[in-house]
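First up is the structure itself, then whatever we jot down about it.
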Amino acid sequence: MRIAQVAPLYESVPPKLYGGTERIVSYLTEELVAQGHEVTLFASGDSLTKANLVPICPTELRLNPECIDPLAHHLLMLQSVLSRRDDFDIIHFHVDYLHFPLSRSVEWTTLTTLHGRLDIPDLAPLYREFSDMPVSSISDAQREPLPWLNWRGTIYHGLPGTIYEFSAKPKGYLAFLGRMSPEKGPERAIEIAKRVGMPIKIAAKVDKVDVEYFNGCVKPLLNHPLVEFLGEVGYPQKNELLGGADALLFPICWPEPFGIVMIEALACGTPVIAYPSGSVSEVIEDGVSGLVVPDIGSAVEAVRNIDSIDRAMCRQRFDDRFTATRMSAEYLNLYEALLRRQHGEPLSTSDGVPIG
């Protein structure tokens, strides 16, 4: 199959440090190439891939001080995709709704995986206008604000099974990994660690929009002797951080669409203690791969009882549910179903996607 993957340009594919969507695009792309498909990746020029790379800009945009208007680069990318449209059987977009007006006017087969939150009021009128666009979700919870979209499937993220090593023996600390933002709850993670009297390692990036929050709410907490702030980390540092932790703390207060860090922890054998928002209850099996708790007090108790979670079982649940091999197989099934629909062939329940 001739497949185009269209990635955001904010990070390279894969990202050098933090980066969720671009990391998943990388894993999917490399799996599809390994299976013999002809894959073209539209991404930043510093991306690393075995696919045919179409570089849109020399480097990723987030850390490029010369980039003032990232939207301009993304529009150039859409034009590049358009000029090559006859080279592909299907075009898989990962740039939210940016291409919708173009896709409606051009005869091509597309899939759009929505990677972000969908409960923002501004989005509803736009998605209502383009409700014919075939889209896929990364969790069932992500769909809840817009259940009437043309959902073609829910496909959980997956990671290569070899990049994270299983760690049977933790090293006596807690971990927090993610964005330094209010909805991710780093200050709650610190409070949990302080109450239980356990060291915590914080690894997080600070986006421009979160600088005020970081300086006012989190930075004063980093002077505590139990708290170690590592800044923004990438792979393989994440393997060491997560593998050594007794638990990953995930005290979110927003409708998390997926939460890649949760499956990264499971791949290391590290259980997750998380608040029940968004996708958490789909990703973490309470009492099996972690503990799902409602508040700080319950989280403290969960830390004290974390030995009740079998680390080998955490890794097993990762292998069973969250590998890149499984993810790519499900996307291929969806591509094939969409192509059959495009050619006027009926869908069936065996396609693994909703019939509509």
Check your understanding: Among Leu174, Leu82, Leu98, which is assigned to a loop (DSSP other than H, G, I, E, B) and either more than 23 Å from Tyr18 (Cβ to Cβ) or more than 16 Å from the chain's Cα centre (by Cα) (or both)?
Key -> Leu98
Review point. Considering Gly153, Gly161, which residue is part of a strand (DSSP E or B), in contact with a Phe, Trp or Tyr (Cβ under 9 Å, 6 or more places away or on another chain) and of a type outside the set (A, V, I, L, M)?
Key: Gly153
Exercise for review: Can you tell me which residue within segment 85-95, out of those that are under 17 Å from Gly20 (Cβ atoms) and of a type outside the set (Val, Ile, Thr), is surrounded by the fewest Cβ atoms within 10 Å (Cβ to Cβ)?
Suggested key: His94
Point to revise | Among (1) in a helix (DSSP H, G or I); (2) within 20 Å of the chain's Cα centre (by Cα), the one test that Leu111 misses | key: (1)
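Out of all the residues in segment 157-171, which are closer than 21 Å to Ile24 by Cα and either acidic (Asp, Glu) or buried (at least 19 other Cβ atoms within 10 Å of the Cβ) (or both)?
Those that are closer than 21 Å to Ile24 by Cα and either acidic (Asp, Glu) or buried (at least 19 other Cβ atoms within 10 Å of the Cβ) (or both): His157, Gly158, Leu159, Tyr164, Glu165.
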Practice item. Determine if segment 13-28 includes at least one residue that is in a loop (DSSP other than H, G, I, E, B) and either at pLDDT 95 or above or not assigned by TED's automatic domain parsing to the domain that holds Glu330 (or both). Key: yes
Practice item. Output the number of the condition that Gly234 fails; it satisfies all remaining conditions of (1) buried (at least 16 other Cβ atoms within 10 Å of the Cβ); (2) in contact with a Lys or Arg (Cβ under 6 Å, 6 or more places away or on another chain). Key: (1)
Practice item. Exactly one condition in (1) surrounded by fewer than 21 Cβ atoms within 10 Å (Cβ to Cβ); (2) outside any loop (DSSP other than H, G, I, E, B); (3) outside the structural domain of Arg317 (by TED's automatic domain parsing) is not met by Trp148; state its number. Key: (2)
**Study point:** Members of segment 161-186 found to be out of contact with any Leu (no Cβ under 8 Å at 6 or more places or on another chain) and more than 28 Å from Leu221 (Cβ to Cβ), listed by number
**Key:** Gly161, Thr162, Ile163, Glu165, Phe166, Ala168, Lys169
Review point. Residues in segment 111-122: is at least one among the β-branched types (Val, Ile, Thr), surrounded by fewer than 21 Cβ atoms within 10 Å (Cβ to Cβ) and in contact (Cβ under 8 Å) with a residue 40 or more places away in the chain?
Key: no
Check your understanding: Since Trp108 meets every condition but one in (1) of a type in the set (A, V, I, L, M, F, W, C); (2) within 21 Å of Ser80 (Cβ to Cβ); (3) at pLDDT 95 or above, which condition does it not meet?
Key -> (3)
**Study point:** Lone unmet requirement of (1) modelled with pLDDT of 95 or more; (2) assigned to a loop (DSSP other than H, G, I, E, B) for Gly234
**Key:** (1)
Review point. Restricting segment 126-139 to residues that are in contact with a helix residue (DSSP H, G or I) (Cβ under 6 Å, 6 or more places away or on another chain) and part of a loop (DSSP other than H, G, I, E, B), which is surrounded by the fewest Cβ atoms within 10 Å (Cβ to Cβ)?
Key: Phe130
Exercise for review: Identify all residues within segment 188-229 that are of a type in the set (Gly, Ala, Ser), outside any strand (DSSP E or B) and either within 27 Å of the chain's Cα centre (by Cα) or at pLDDT 95 or above (or both); write none if there are none.
Suggested key: Ala189, Ala193, Gly197
Study note, to complete from the structure: Those residues of segment 298-356 that are assigned to a loop (DSSP other than H, G, I, E, B) and at pLDDT 95 or above come to a total of 4
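The values are calculated or read from the model by the stated rules, or taken from the named source; none is laboratory data. None of the values given here were measured: they were computed from a predicted structure. Every residue, glycine as well, gets a Cβ built from its backbone with ideal geometry; the counts of neighbours run over all protein chains shown.
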